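Here the structure comes first, spelled out in structure tokens, and everything after it is commentary.
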Amino acid sequence: MTFLAGDPLQNLKNDPAQLAGRSDPDMKIAVGRLLRPHGVKGEIKFVPFFDGIPELIINTPVELVMEGGAAPLFATPVNFRGSEKALIVKFSGFDNPEDARALTNRVAQLERRRMPDLPPGNYYYEEIIGLPVYDEEGVRIGSLKDFFPAGDKDVWAIETVSGGEILLPCLPETLLNVDLQRGAITVRLMETIL
């Protein structure tokens, strides 16, 4: 099972009221981070979180958010250059380094409906973080707090209802169901974890 992650620091700030029923087409998905101005024409360095982001957002307004509660900005990228991993982007109306500086460290977000559908068994970070986790009998274990890669599989960090943490390898025998419509994850705990 593979999971795609946006920018975890930004995404953990989701409002708890938005945590259930993750099939909302207006849910925001983090697609990349702006770093610092580049050159004298208002360009800025951009690190995409997924392949194909320039093609997806060129000439389309995107929401640019900053941690700490600063008001979001909306800007339209009109040009990308460089390689897929180290891009330089030019936004309409940002014509000098001082203008571009206002975009530093912002995260570009798109509505879920504008993102490509993922293959079965793949989810955007924002769709699953915070979802309640249940065992096979339907007893709530806790909530998915985070996940991280460990070799060729992910490990899920589940914050238990008692405030503890369970680290669960994401394997076909442990992950039974992810139901985005219901907003719930069902797992089988391994004997060694209990």
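Each peptide in 147-153, 83-89, 42-48, 180-186 gets a packing score, the mean of other Cβ atoms within 10 Å over its residues, and the list from highest to lowest is 42-48, 180-186, 83-89, 147-153. For the options Thr60, Thr76, Thr104, a Gaussian network treatment of the chain with springs between C-alpha atoms closer than 10 Å singles out Thr60 as fluctuating the most. The alpha-carbon of Lys28 sits under 12 angstrom from the alpha-carbons of these aspartates and glutamates, leaving out residues fewer than 8 places away in its chain: Asp7, Asp15, Glu63, Glu111, Glu126, Glu127. Phi angles across region 51-59 convert, under the Karplus curve 6.51 cos²θ - 1.76 cosθ + 1.60 with θ = phi - 60°, into 3J(HN,Hα) values of 5, x, 5, x, 5, 6, 10, 4, 6 Hz, Gly and Pro given as x. Less than 5 angstrom separates the built amide H of Gly32 from those of Phe49, Ala108, all sequence-distant by 5 or more or on a different chain. Computed from label points 7 Å out along Cα-Cβ, the spacing between Thr76 and Leu189 is 5.4 nm.
Once you list every other residue whose beta carbon is under 9 Å from the beta carbon of Pro48, what net charge do they have if Lys and Arg are +1 and Asp and Glu are -1?
Result for the local shell: 0.
Using a cut-off of 16 Å between alpha-carbon atoms, which lysines can reach Lys41, once sequence neighbours fewer than 8 places away in the same chain are excluded? By straight Cα distance, Lys41 reaches Lys90. Here the Karplus relation 6.51 cos²θ - 1.76 cosθ + 1.60, evaluated at θ = phi - 60°, turns the backbone of region 115-132 into coupling constants of 8, x, 5, 9, x, x, x, 10, 9, 6, 3, 5, 6, 10, 5, x, 5, x Hz, with x for every Gly and Pro.
Modelling each spin label as a point 7 Å along the Cα-to-Cβ direction, I'd like the Asp51/Lys85 distance in nm, to one decimal. That separation, rounded to one decimal, is 1.4 nm. Full extension of the chain between Glu67 and Phe148 yields a length gain of 27.0 nm, computed as 0.36 nm times the residue separation minus the alpha carbon distance. Amide H to amide H, with H built 1.01 Å from N, Glu43 comes under 5 Å of His38, counting only residues 5 or more places away or on other chains.
If you rank Met66, Met190 by fewest surrounding Cβ atoms within 10 Å, what's the result?
Listing Met66, Met190 from fewest to most nearby Cβ atoms yields Met190, Met66.
The calculated 222 nm mean residue ellipticity attributable to helices in the chain amounts to -1500 deg cm²/dmol, summing -39500 (n - 2.57) over DSSP H runs of n ≥ 4 and dividing by all residues. From the Kirkwood radius over Cα pairs of region 99-194, Stokes-Einstein at 20 °C and 1.002 mPa s returns a whole-number translational diffusion coefficient of 143 µm²/s.
For a straight C-alpha distance cut-off of 12 angstrom, the aspartates and glutamates reachable from Lys45 (same-chain residues fewer than eight places away being disregarded) are Glu84.
Every number here is computed from the coordinates shown, using simple stated rules; none is lab data. Bear in mind that the values here come from a model prediction, so they are computed numbers and not experimental data. Backbone-built Cβ (ideal geometry, glycine too); neighbour counts: all protein chains shown.
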